[in-house]
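Visitor: Below are the structure tokens for one structure; questions will follow.
Each reported figure results from applying straightforward, stated rules to the coordinates on display, with no laboratory input. Keep in mind that this is a model prediction, so the values were computed, not measured. Note that each Cβ is placed from the backbone with ideal geometry, even for glycine, and that neighbours are counted across all protein chains shown.
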Amino acid sequence: MVGCVVVIAASGWWIWHTQSTGTKAHEQLHAMIGRAMAEETIRVLNGQGRILVISIDIKAVPELKWQLDAFHNALDTSGRITVAKTYDLETDGKTKYTFGSGLSGRRYVRTVNKNEGIDAVVSFAGAPNFKDNEEKDLKFKPRLVVESRSPQKLKKLFDQKLIDVAVVSRFEFPNPVSGTPKNAREMFIQRFQVVTPRDADKLPVGSDE
């Protein structure tokens with residue numbers, strides 16, 4: 001039953017996505033995702049630290065420009081968090097690469113191991129999809145904040161203490177905001193939610209992103 005609810009919610013999101021692309025509401029929603037990612041990064045790091053950002057070329061995923069602009073603007077207000085480096089994943093025209101999806105475990109391990117000394121990784125390309133215990137190759141475990149298109153498979157990462165926060169498509173209902181949202185934050189709450197370790201037991205379990 002939980003799986004059905006998640007599928008319905010995800011389907012509704014993608015229908016809304018395709019119908020509203022290019023609208024002001026669409027831009028505001030993606031900006032709010034970026035702002036939420038920044039707010040959670042600031043919270044996880046207690047307002048200071050060096051971060052590594054993993055994203056996707058905005059030419060392949062235009063919505064990420066709105067997300068990243070809002071993310072950086074919100075980070076600037078903290079004044080003590082520095083973006084040490086940004087990595088853009090190459091999509092090779094594959095549809096699996098989009099906002100909230102596409103990061104492999106191997107790519108995550110390789111990227112982290114090249115950047116010892118960072119305090120956190122912020123991924124706009126989903127949570128790392130580890131295979132064959134790839135996570136054991138990490139030289140260290142930075143804090144991890146991710147945007148994930150789907151909540152499935154996140155619980156294991158929380159249980160392994162590999163992830164601190166995930167911004168995911170809403171999977172808990174009834175929705176806390178009913179009717180027409182009054183602003184961008186309510187629009188965000190209708191369609192997304194923030195998951196932390198204390199919420200991990202509520203996560204549905206299913207296929208990879």
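Visitor: Which net charge results for the neighbourhood of Arg35, defined as the other residues with beta-carbon distances under 15 angstrom from its beta-carbon, given Lys and Arg at +1 and Asp and Glu at -1? Spell out each step's value before the answer.
Guide: Numbers: positive: Arg43, Lys65, Arg185, Arg191; negative: Glu27, Glu39, Glu40, Glu63, Asp69, Asp76, Glu147, Glu186.
Around Arg35, the charge tally is -4.
Visitor: I would also like to ask the following. State the extension gain, in nm to one decimal, for the chain segment bounded by Lys136 and Lys182, taking 0.36 nm per residue of separation less the distance between their alpha-carbons.
Guide: On the way: separation 46, 0.36 × 46 = 16.56 nm, distance 4.54 nm.
Contour length minus the Cα-Cα distance gives 12.0 nm.
Visitor: Then there is this: With an 8 Å Cα cut-off and a minimum separation of 6 or more residues, compute the relative contact order for the chain in percent.
Guide: Numbers: 363 pairs, mean separation 46.0, N = 209.
Answer for the chain is 22 percent.
Visitor: Below 8 Å, C-alpha to C-alpha, sequence gap of six or more: please give me the relative contact order for region 133-209 in percent.
Guide: On the way: 96 pairs, mean separation 29.5, N = 77.
Across region 133-209, relative contact order equals 38 percent.
Visitor: Amide H of Ser123 versus every other amide H placed in the peptide plane: which residues, excluding those fewer than 5 positions away on the same chain, fall under 5 Å?
Guide: Ile54, Val145, Val146, Glu147
Visitor: Under a cut-off of 14 Å between alpha-carbon atoms, report the aspartates and glutamates in cross-link reach of Lys161, not counting same-chain residues fewer than 8 places apart.
Guide: Filter leaves Glu135, Asp199, Asp201.
Visitor: Helix by helix through the chain, keep the DSSP H runs that span 18 Å or more along the axis on Cα and average at least 1.0 on Kyte-Doolittle, and give those back in order. Display every interim value, and only then the final one.
Guide: Details: long enough: 2-20 (27 Å, 1.02); 24-44 (30 Å, -0.30); 63-76 (20 Å, -0.55).
Helices meeting the criterion: 2-20.
Visitor: Counting other C-beta atoms within 10 Å, which of Ser178, Ser55, Ser78, Ser148 has the fewest, and how do the rest follow? Write out the running numbers ahead of the final one.
Guide: Working: Ser178 9, Ser55 22, Ser78 17, Ser148 26.
With the sparsest Cβ surroundings first, the list reads Ser178, Ser78, Ser55, Ser148.
Visitor: If each residue's Cβ is checked for other Cβ atoms within 10 Å, how do Val145, Val168 rank with the fewest at the top? List each step's numbers first, then the result.
Guide: Working: Val145 29, Val168 25.
Sorted ascending by nearby Cβ count, the order is Val168, Val145.
Visitor: On to the next question. Using 20 Å as the Cα-Cα cut-off, could you pick out the over-long pairs in Lys85/Lys141; Lys114/Lys153; Lys94/Lys139; Lys155/Lys182; Lys24/Lys65; Lys182/Lys202? If you can, show how the numbers build up before the last one.
Guide: Values: Lys85/Lys141 17 Å; Lys114/Lys153 26 Å; Lys94/Lys139 29 Å; Lys155/Lys182 32 Å; Lys24/Lys65 14 Å; Lys182/Lys202 28 Å.
Those over the limit are Lys114/Lys153; Lys94/Lys139; Lys155/Lys182; Lys182/Lys202.
Visitor: I would also like to ask the following. Looking at region 2-202, what % of its DSSP beta bridges pair antiparallel, to the nearest 5? Display every interim value, and only then the final one.
Guide: Working: 5 of 26 bridges.
The answer is about 20 percent antiparallel.
Visitor: Give the separation of the Cα centroids, region 42-105 to region 114-192, in Å.
Guide: 12
Visitor: Same structure, new question: How much length, in nm to one decimal, is gained on full extension between Arg106 and Gln48, taken as 0.36 nm per residue of separation minus their Cα-Cα distance?
Guide: Values: separation 58, 0.36 × 58 = 20.88 nm, distance 2.78 nm.
Residue separation times 0.36 nm, minus the Cα-Cα distance, leaves 18.1 nm.
Visitor: Going Cα to Cα from Lys136, which aspartates and glutamates come in below 15 Å? Please leave out same-chain ones fewer than 8 positions away.
Guide: Asp159
Visitor: Can I ask one more? May I ask you to sort His26, His72 by Cβ crowding, counting other Cβ atoms within 10 Å and putting the fewest first?
Guide: Working: His26 17, His72 14.
Neighbour counts put them in this order, fewest first: His72, His26.
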